[in-house]
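The values are calculated or read from the model by the stated rules, or taken from the named source; none is laboratory data. Just so you know, these numbers come straight off a predicted model, no measurement behind them. Glycine also receives a Cβ, built like all others from the backbone with ideal geometry; neighbour counts cover every protein chain displayed. Just so you know, the surface numbers come from the protein's heavy atoms only, side chains and all, with ligands and any DNA or RNA stripped out. Shrake-Rupley method; radii C 1.70, N 1.55, O 1.52, S 1.80 Å.
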Amino acid sequence: MRRAWVGVLALLLPYSVWAQSTGQSAGTSAAAGSSTLPTINVPVPKQKGKRAVQIKRPPAKRAAPVRIPAATRTVATPAPPADGREGGAADAADTIGASPIPGSGVARDKVPSNAVALPASTFDHTRSTGFLDAIGQFLPGVSIGDQTGNQFQRDVNYRGFTASPVIGTPQGLAVYQNGVRINEVFGDTVNWDFIPETAIARLELVPNNPVYGLNALGGALSMQMKNGFIYHGIESELRGGSFGRFGAGVQTGGQNGDFATYFAADAINDAGWRDQSPSRLRRMFLDLGTRGDGGEFHLSFTGADNFFGATAATPVEMLAQRWSSIYTVPQTTENSLAFLTASANVKPTDTLSLQAILYYRGFWQRHVDGNATKAQNDGCPDPTFVCFPDLMGNLTNLTTTNGQPVPAAGPFASGNVLGEIDRTWTTTNSYGGSLQATNTDKVAGHDNHLVIGASVDRGHVQFTATSELGTVNQDQFPFVYGTGVIIDQPTGDLAPVSLLADTTYLGVYATDTFDITSRLSVTAGGRYNVALIKLQDELGNALTGFNEYMRFNPVIGATYKVAPNVTIYGGYSESNRAPTPLELSCADPLRPCLIDSFLVADPPLKQVIGHTSEAGIRGNFNFGPDYGKLLWSLGAFHTRSDDDIINVASQLAGRGFFQNVTATLRQGIEASLNYKQERWTAYANYTWIDATFQGTQLLASPNNPMADANRNILVTPGDHLPVVPHYRFKAGAEYSVTDRWKVGADLNVIGSQYLFGDQSNQNPEIPAYWVVNAHTSYHFTKDIETFALVQNLFNQRYYTFGTFFETGSFPYLNLTDPRTFTPGTPPAAYVGLRARW
């Protein structure tokens, strides 16, 4: 039933087309309302010294005032983003959200942090193939990691903190869509594949602000989506290319009086460049809006139904033989989403606005993972499930789940190696809402921007996991074939799991930006967070428990205009992250879990407390109409995370658990340049990060060749956090050869990083790498455009992620090097055609 929304909501597309055809002309944006008289621009032939003639209409009689129709006012919707290709730079005059709820924006020059905004044009497909490629290319300080081996399910790393779709990755970034936090309830994961990038109107990256709630240790990503008041027209697109990629998309928006609608949908099929790595995405976004005197209301829906072949890391010796090789399959993930949001913005006065949001989010995931096994001889404590009495000596006693005997021959023939197929099912229903007030009344004659709000989020999760006994031999490899035997072996930590988790997150916040002088602005505020997490074990009582976390996080900062176009800033804030239901259920080193599959009993974890300081200087320089404009910034940041939560490998191969460490430190320097001229745009940014442990820890790392006799490693203060690149450098340029033809290229350099599991830094690092991408576009007419992209133009071989594995799991492979890596994408080319009307 959950997939039925695709057909039902698609029926609304004709209304969207009708609204567009009866509204403003295609490709235009709704004009902001104004009390001044309208101006008509009459074009004249281009001649030297000639400009458009402006004709003023005669004023209306005072006795008969003219009411401006609601269709020409903008109450809650921000002005449409600029369509220029500014390489990811936001104009200096842009606003940045004081909170994740739209309508709270404050001038960027008054924000005491290195906040960045990207316009809608960043996410079109003429310069990048998708959302993750776009932010990895154009967001300063962001790098893209890859644990899954699938380009639609990669990690976003910023200032040493991660937002990832992979269960078991400690999350340190909060992500919002139209004011709703979309970190999933169970593990705070972020499913980037659910985001229809075509529908993004604006994306903000906001560090050092606790108002963004839980998980904003490193910062927050906040997306505002398009609607029919700011997007008018119809656009369709076809694209395809390397590795069987084919995609099609459409977006349409329009306005009819006080009503507007926007609809976007896309479909992508990709065979994948590695073995057994296909992807299939089906996504849509719909927004219905209405507005009247002093108010605006929107109802939006995001839906997705996606499938991925996630091939993960491959032993380095196998990659040396064939770059596209994989280790074990099946490894598949199916994700489905139904996300409904209702939002309102009311403006009782010119200086007071009220915002409200209600939402429901349904998330369904099914994960299948073929692995080696450590199942051992054991009895069956629970007759509900089936186990095996003796793997190596009494195979004829095996029975399947339906009671049929398993013959000694067949899957257990000579030469076979035992494995297992782990399966998880996650069903999540979450709902909640937010209320906010924004006031811009002056205080004692000084400009002031006050935001006060509160939010509540409820989540209910059903998590189920099983392991099926499997086999694999040299002829079958890498496929693990199931035998129908479900393993129930608690002493080997292979027991089935059925868990209910209920979460309640409450937040109350306030932030105020006060202009002490015309040059000096001070921001102060804070947020009080409450997290209540209840776990219920449906197969026993090992996982049952209740945890609560509470904390007030302050923020203080200031900006000062040294000159009209130069601003210095500085600030301090605190933030917190409550352990997720997943982490709370998998925190016992004596009973580890197969990350992404199993949960076990645990001791309670502490919440993570972040302390962030940052300072910097930014500005712009206008060289004149013929020479362009330069935006620049330079800053430094320092974040200490007390009781940080990390994922630690277990002594049992293939398993892990979560634990607190004393503290971690992430500090660094950020610098950026953005240049825009009539025909040229160019950008360059550099980030250096020093991410280290601040305490002494003895951690398990069983497959690490530098581990001691007990398979442990000693971590000391100053050791670097794994999987955090030491630096990032990005640069690019685009040139308009003619009014119709543009060409451009981008360089992405990612520094070296330590392997996951090498917290003591005793092994060689994952090498630094660089990649060049190129793109071009050509307009046949104003509304018909073709484009092409080439990724990894110079065929660089590089790794995006690395860890360790047990070399003896499949003896016939004769592997001796315990390092395993996710390889980088080889050269790929894509072409597309876009039409607007």
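Annotations for the structure displayed:
- Within segment 534-553, considering residues that are within 15 Å of residue 496 (Cβ to Cβ) and acidic (Asp, Glu), the one surrounded by the fewest Cβ atoms within 10 Å (Cβ to Cβ): 538
- Strands (runs of 3 or more DSSP E) lying entirely in segment 472-541 (those with 3 or more residues that are under 30 Å from residue 562 (Cβ atoms)): 497-515, 520-537
- Taking segment 347-368 as the range and being hydroxyl-bearing (Ser, Thr, Tyr) and free of Cβ contacts under 8 Å to residues at least 60 places away in the same chain as the test, only 349 passes.
- All told, residue 170 falls short of being touching a helix residue (DSSP H, G or I) at 6+ places or on another chain (Cβ under 8 Å), crowded, with 24+ Cβ neighbours inside 10 Å, modelled with pLDDT under 95 and within 30 Å of residue 528 (Cα to Cα).
- The residues of segment 686-704 that are assigned to a loop (DSSP other than H, G, I, E, B) and at pLDDT 95 or above amount to a single one, 694.
- Filtered by the rule that a residue be over 12 Å from the mean Cα position of the chain (by Cα) and of a type in the set (D, E, K, R), segment 126-148 gives 127, 146.
- Number of residues in segment 495-549 that are touching a Pro at 6+ places or on another chain (Cβ under 7 Å) and of a type outside the set (S, T, N, Q) equals 6.
- Residue that is most open to solvent (accessible area, probe 1.4 Å), among those in segment 339-377 that are of a type in the set (A, V, I, L, M) and in contact with a helix residue (DSSP H, G or I) (Cβ under 9 Å, 6 or more places away or on another chain): 372
Results for (1) small (Gly, Ala, Ser); (2) in contact with a Leu (Cβ under 9 Å, 6 or more places away or on another chain); (3) modelled with pLDDT of 95 or more, shown as yes or no for each residue.
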position	(1), (2), (3)
771	no, yes, yes
779	no, no, yes
786	no, yes, yes
796	no, no, yes
803	no, yes, no
810	no, no, no
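- No other residue among 191, 178 is farther than 25 Å from residue 747 by Cα, open to solvent by 10 Å² or more (accessible area, probe 1.4 Å), touching a strand residue (DSSP E or B) at 6+ places or on another chain (Cβ under 9 Å) and of a type in the set (S, T, N, Q) apart from 178.
- Strands (runs of 3 or more DSSP E) wholly inside segment 293-382 containing at least 3 residues that are over 22 Å from residue 189 (Cα atoms) and of a type in the set (A, V, I, L, M): 331-346, 352-372
- Residues of segment 655-680 that turn out to be among the β-branched types (Val, Ile, Thr) and open to solvent by 20 Å² or more (accessible area, probe 1.4 Å), as a count: 2
- Test: residue 235 is closer than 30 Å to residue 290 by Cα, modelled with pLDDT of 95 or more and acidic (Asp, Glu): yes
- Scanning segment 744-787 for residues that are of a type in the set (Val, Ile, Thr) and out of contact with any Lys or Arg (no Cβ under 8 Å at 6 or more places or on another chain) gives 766, 771, 772, 781.
- Candidates are the residues of segment 808-836 that are part of a strand (DSSP E or B) and among the hydrophobic types (A, V, I, L, M, F, W, C); the one that is surrounded by the most Cβ atoms within 10 Å (Cβ to Cβ) is 821.
- Test: residue 556 is in contact (Cβ under 8 Å) with a residue 24 or more places away in the chain, among the hydrophobic types (A, V, I, L, M, F, W, C), touching a strand residue (DSSP E or B) at 6+ places or on another chain (Cβ under 8 Å) and surrounded by fewer than 17 Cβ atoms within 10 Å (Cβ to Cβ): yes
- Subset tally (residues that are in contact (Cβ under 8 Å) with a residue 24 or more places away in the chain and either of a type in the set (Phe, Trp, Tyr) or closer than 30 Å to residue 776 by Cβ (or both)) for segment 705-738: 11
- Taking the conditions (1) open to solvent by less than 40 Å² (accessible area, probe 1.4 Å); (2) within 26 Å of the chain's Cα centre (by Cα); (3) hydrophobic (A, V, I, L, M, F, W, C) in turn, residue 260 satisfies each one other than (2).
- Subset of segment 681-730 [surrounded by fewer than 17 Cβ atoms within 10 Å (Cβ to Cβ) and among the small types (Gly, Ala, Ser)]: 695, 709, 718
- Residue that is least open to solvent (accessible area, probe 1.4 Å), among those in segment 440-479 that are charged (D, E, K, R) and within 26 Å of residue 210 (Cα to Cα): 457
- Residue within segment 480-492 that is touching a residue at least 24 places away in the same chain (Cβ under 8 Å), surrounded by 16 or more Cβ atoms within 10 Å (Cβ to Cβ) and more than 30 Å from residue 542 (Cβ to Cβ) present: yes
- Any hit, segment 755-766, residues being farther than 15 Å from residue 803 by Cα, without any contact (Cβ under 8 Å) to a residue 60 or more places away in the chain and over 29 Å from the mean Cα position of the chain (by Cα): no
- Among the residues making up segment 751-760, a single one is open to solvent by 30 Å² or more (accessible area, probe 1.4 Å) and either among the charged types (D, E, K, R) or modelled with pLDDT of 95 or more (or both): 754.
- Sole exception among (1) modelled with pLDDT of 95 or more; (2) more than 30 Å from residue 608 (Cα to Cα); (3) buried (at least 22 other Cβ atoms within 10 Å of the Cβ) for residue 221, by number: (2)
- Pick from segment 93-108, criterion part of a loop (DSSP other than H, G, I, E, B) and open to solvent by 20 Å² or more (accessible area, probe 1.4 Å), ranking: modelled with the highest pLDDT: 102
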